[in-house]
1. Among the residues of segment 287-298, are any touching a residue at least 60 places away in the same chain (Cβ under 8 Å), crowded, with 24+ Cβ neighbours inside 10 Å and within 20 Å of ILE150 (Cβ to Cβ)?
2. Would you confirm whether or not segment 54-70 contains a residue that is surrounded by 20 or more Cβ atoms within 10 Å (Cβ to Cβ), within 14 Å of the ligand (Cβ to nearest atom) and touching a residue at least 60 places away in the same chain (Cβ under 8 Å)?
3. Which one of the conditions (1) open to solvent by less than 50 Å² (accessible area, probe 1.4 Å); (2) more than 25 Å from the chain's Cα centre (by Cα); (3) not hydroxyl-bearing (Ser, Thr, Tyr) does LEU35 fail to meet, given that it meets all the rest?
4. Condition check: within 19 Å of GLU330 (Cα to Cα) and more than 23 Å from the chain's Cα centre (by Cα). Does LYS21 satisfy that?
5. Would you confirm whether or not segment 88-97 contains a residue that is within 28 Å of ILE221 (Cβ to Cβ), touching a Ser or Thr at 6+ places or on another chain (Cβ under 8 Å), among the hydroxyl-bearing types (Ser, Thr, Tyr) and within 16 Å of the ligand (Cβ to nearest atom)?
6. For segment 18-40: of the residues being out of contact with any strand residue (DSSP E or B) (no Cβ under 8 Å at 6 or more places or on another chain) and part of a helix (DSSP H, G or I), which is farthest from the ligand (Cβ to nearest atom)?
7. With ASN126, ASN145 as the choices, which residue is open to solvent by less than 30 Å² (accessible area, probe 1.4 Å) and more than 21 Å from the chain's Cα centre (by Cα)?
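The values are calculated or read from the model by the stated rules, or taken from the named source; none is laboratory data. From a predicted model like this one, the values you see are computed outputs, not experimental measurements. Note: ideal-geometry Cβ built from the backbone for every residue, glycine included; neighbour counts use all protein chains shown. We work out accessible area using only protein heavy atoms, side chains counted, and drop any ligands, DNA or RNA first. Shrake-Rupley method; radii C 1.70, N 1.55, O 1.52, S 1.80 Å.
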Amino acid sequence: MNKYRVAIVGATGLVGQEFIKVLEQRNFPMASILLLASDRSAGKKLFVNHREIEVEETTPESFKKVDIALFSAGAETSRYFSPIAAQSGAVVVDNSSAFRMTPAVPLVVPEVNPEDIKWHKGIIANPNCSTIQIVVALYPLHKVNPIKRIIVDTYQAVSGTGSAAVEELTVQAKQVLEGQTAIPHVYPHQIAFNILPEIDVFLDNGYTKEEWKVVEETRKIMHADDIAISATCVRVPVFTGHSMAIHIEFSQPMSPDEAQRILAQAPGIKLLDDPTISLYPQPWSAAGTDEVFVGRIRRDASHPNGLVMWVVADNLRKGAALNAVQIAEEMIKREWLHPRGGK
Ligand code: A2P
């Protein structure tokens, strides 16, 4: 079996840490692992498969002996280093938003559009965390009964913003409980015991960039430019696990039973749907797991062809690190990834 030289860019970050866990847990065939971050972290030590490995500063020379580079160090770092890594011969799976809507870069969720991996030119983009769980849940239904319109409202965990935001929620929760004033640094307002309808910057059309990512990325991944989509993305004081209410209008009516039957057999999905025992997906229980959880499937009372559902997934795993590693695994399975250093 081939083994691959892997690099993680942003290895000290929340998604970077999850990359390490996912690679270990899935026994990814690694010949070597290079842990890269900024100069601030150079010399720091992390464990991979019980071996202590020193973090190195990311430089243009870092990628010379790398087969696959998993990036999660922000869009700016990706914009600079991903093309250099690809030029050096590595295949980049980039978790940032830098290249997602670039026409020449495939944007991939393996349960939906694995064939798109094939036309990459060195960089493959990993979608936005919310988009990933939307398309995993909707694509199996769309194949049977084409979707015309989606309205989605998200409830997104602070870990999606990175480690500074996790720290901010922890500190603020303590401050509020102790009767002190919580001072925001990462978010524009207090996040503890509060919710913020603002994720990423506001655009001229009144939507936020996060909401617009959902619109554009969903269409690109599902190859469905004509689906009408509207999103409201909300930050909630949850550490891990993004939740969302999705209202779907199909071409034809679809019963909740039929949707349940389809989703029960769909890849990457776990149904948790029994209101009689209060069984439905929750971020608390989705954290640390790999599936996209779906529940509360019901008719949309406002439209004859409509369904409503509640969808939850771990934003750091399926929403980021796991999806990226699955892309690499898919390439290996289809023999589209070749180690340059031999077997
Ligand atoms: P570092 O820890 O050295 O700052 P998070 O999303 O959890 O905040 O993590 C961001 C990740 O991106 C960290 O691993 C961080 O490294 C890394 N990073 C930030 N800026 C750069 C950069 N210029 N080059 C390489 N890695 C970077």
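1. yes
2. Yes, the conditions are met somewhere in segment 54-70.
3. So LEU35 meets the others, but not (2).
4. Against the criterion (within 19 Å of GLU330 (Cα to Cα) and more than 23 Å from the chain's Cα centre (by Cα)), LYS21 does not qualify.
5. yes
6. Result: GLN25.
7. Selected residue: ASN145, the only one of ASN126, ASN145 that is open to solvent by less than 30 Å² (accessible area, probe 1.4 Å) and more than 21 Å from the chain's Cα centre (by Cα).
Okay, residues lined up against (1) open to solvent by 30 Å² or more (accessible area, probe 1.4 Å); (2) more than 14 Å from ILE124 (Cβ to Cβ):
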{"residue": "VAL6", "(1), (2)": "no, yes"}
{"residue": "LEU14", "(1), (2)": "yes, yes"}
{"residue": "ASN27", "(1), (2)": "yes, yes"}
{"residue": "ALA31", "(1), (2)": "yes, yes"}
{"residue": "ASP39", "(1), (2)": "yes, yes"}
{"residue": "GLY43", "(1), (2)": "yes, yes"}
{"residue": "PHE81", "(1), (2)": "no, yes"}
{"residue": "ALA90", "(1), (2)": "no, no"}
{"residue": "VAL109", "(1), (2)": "no, no"}
